[in-house]
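One structure is given here, and the rest of the page talks about it.
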Amino acid sequence: MARWSGGFRCLLLLVAIAFIYTQVRLFKAQSEYADKIAVAVEGENHCTSQMRFLIDEISMQKQKVVVLEEKVRRQEEECEQLRTLVQNLEKKGVKSLFEQVKAPVAAVVIMACNRADYLERTINSIFKYHDTVASKFPVFVSQDGSNSDVRTKAMSYNQLTYMQHLDYEPVDTERPGELIAYYKIARHYKWALDQLFYKHNFNRVIILEDDMEISPDFFDYFEAGADLLDKDRSIMAISSWNDNGQNQFVHDPYALYRSDFFPGLGWMLSKPTWDELSPKWPKAYPFINYYLLGSSLGQFFNQYLKPIRLNDVTIDWKKMNLTYLMEDKYVNHFANMVKDAKPLYEPNLVLKTNHVDGDVRIQYRDQTDFEDIARQFGIFEEWKDGIPRTAYKGVVVFRYKTIRRIFLVGPHSLEQLGIQND
């Protein structure tokens, strides 16, 4: 009994151990399963969160797409409105206005050196009429040398561009006793025109001295002249200056003439012409106008330059028909005026002229004879290279105290104009 009881106890112990072992394994399995369930739940929650995030992102992107689609729709509407507006503007001629926007007509350059007070007067004269045409006629001041007053004065104007020519190269004159200044002037002009035509790429340049004043029609005149300059290559330059423009010798502000004598003041040059002139520009005396320096003082100035009449009439030159000035038409136009003038002969030419109502024609034999007749009337006597100032085909024309024109006719002028001598 005691032996069975001991065996039974051992059996119970074994069963208890087996039970405990089974419970431990079961607990361990349950713990592992619980952990897996927790991981699975956490994964599910993460997936749910990611799903919600993606759903929110999709929703936001859809809203952005809607906004963008609305923006595109509005832009398309605006584009359509703009197309309609452009079509309406084109119908009203605005397109043609845009097409008319062109390059400047010409640069205006004032050639200066050491006269600040003269320069100021010239600049003020230009800007008096410049506001409405500023884009058509850009203004430059080109100074030769380093005079500080001129530089300061030029740079005090915001409406213009300042250029400075510094020339330190020695000058070798070709003839004894020549003034170096003539060589300096030639160098300055070439440098300034090269700058404006080749660096700034202007098609035309208007050259003014620093002691000139302009008239109200200055810019209109040169704008109309630009078209003439482009069409007729026989025209070297267009000038607003008349050597015989003194009060007693002018009357009609609309009268324009061709001349074989280069006036050298207030003139416009085109780029094609400068392309020809620049490579062969002379070392000195480029204009053969000796009063350009300082010789215009004293008696010469008082007699010829001070009485020059500045036109005070505003003329719309763009509306004027200037085709009669074309080379193929002008010869006949001018010849008819000369032919219709009444011939007069010496002596007492001035007295005889005063007793003629209409135009007068006076023939001179040579330079000496011309100078004598010119002195009688008071016009320029000067010749250069065999040509009197302002002459065309040897003919010098001026008004004398009234509207009558006087034609001083050279020995070969009538023949060149196709007029039979009386």
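Throughout, read-outs are computed from the coordinates displayed, never taken from laboratory work. Owing to the predicted nature of the structure, the values given are computational and were not obtained by experimental measurement. Here Cβ is always computed from backbone atoms with ideal geometry, including for glycine, and neighbour counts include all displayed protein chains.
Miscellaneous remarks
- Per residue of the chain, the DSSP helices (runs of n ≥ 4 H) give a summed -39500 (n - 2.57) that works out to -15000 deg cm²/dmol at 222 nm.
- Percent of beta bridges antiparallel (DSSP, the chain, rounded to nearest 5): 40
- Environment charge at Glu174 (Cβ cut-off 15 Å; Lys +1, Arg +1, Asp -1, Glu -1): +2
- Chain lengthening between Val171 and Glu57 when straightened (0.36 nm per residue, less Cα-Cα): 32.7 nm
- Between Val250 and Thr323, the modelled label-to-label distance comes to 2.8 nm, taking each label 7 Å out from Cα in the direction of the beta carbon.
- Applying a DSSP loop filter and a limit of 16 other Cβ atoms within 10 Å to the GluC sites (Glu not before Pro) in segment 162-246 leaves Glu174, Glu178, Glu213.
- Between segment 251-267 and segment 105-161, the C-alpha centres lie 24 angstrom from each other.
- Counting only Cβ charges, +1 for Lys and Arg and -1 for Asp and Glu, the dipole size of segment 307-422 around its Cα centre is about 440 debye.
- Leu305-Asp131 pseudo-label distance in nm [points 7 Å out on the Cα-to-Cβ vector]: 3.2
- Expressed in Å, the radius of gyration and Dmax of the Cα atoms of segment 349-403 are 11.3, 35.
- Of all segments of the chain bounded by chymotrypsin sites (Phe, Trp or Tyr not before Pro) found in a DSSP loop with no more than 12 other C-beta atoms within 10 Å, the longest spans 1-167.
- Proximal lysine pairs, segment 217-368, alpha carbons under 26 Å, eight or more residues apart or interchain: 16
- GluC sites (Glu not before Pro) within segment 33-82, DSSP loop, no more than 12 other Cβ atoms inside 10 Å: none
- If you take all other residues with their beta carbon under 11 Å from the beta carbon of Thr390, and give Lys and Arg +1 and Asp and Glu -1, the sum is -1.
- Here segment 351-422 and segment 46-79 have alpha carbon centers that stand 91 Å from each other.
- Along the axis of the charge dipole computed for segment 25-81 (Cβ charges of +1 for Lys and Arg, -1 for Asp and Glu, origin at the Cα centre), the listed residues His46, Leu26, Cys79 are led at the positive end by Leu26.
- Placing a label point 7 Å from the Cα of Asp194 along the Cα-to-Cβ direction, the residues of segment 103-132 whose backbone N falls under 19 Å from that point are 109-112.
- For segment 215-280, radius of gyration divided by Kirkwood radius, i.e. Rg to Rh on alpha-carbons: 0.98
- Net charge of Cβ neighbours under 14 Å - reference Gly43; Lys, Arg +1; Asp, Glu -1: -2
- Rounded to 10°, Cα long-axis angle of helix 180-194 versus longest principal axis of the chain: 40
- Within the chain: Cβ-based charge dipole about Cα centre, in debye rounded to nearest 20 (Lys, Arg +1; Asp, Glu -1): 1800
- Per-q log10 I(q)/I(0), the chain, q = 0.09, 0.12, 0.13 Å⁻¹ (Debye; single scatterer per alpha-carbon; no solvent): -0.72, -1.09, -1.22
- C-alpha long axis of helix 327-340 to longest principal axis of the chain, angle in °: 30
- Alpha-carbon Debye profile of segment 100-215, log10 I(q)/I(0) at 0.16 Å⁻¹: -0.76
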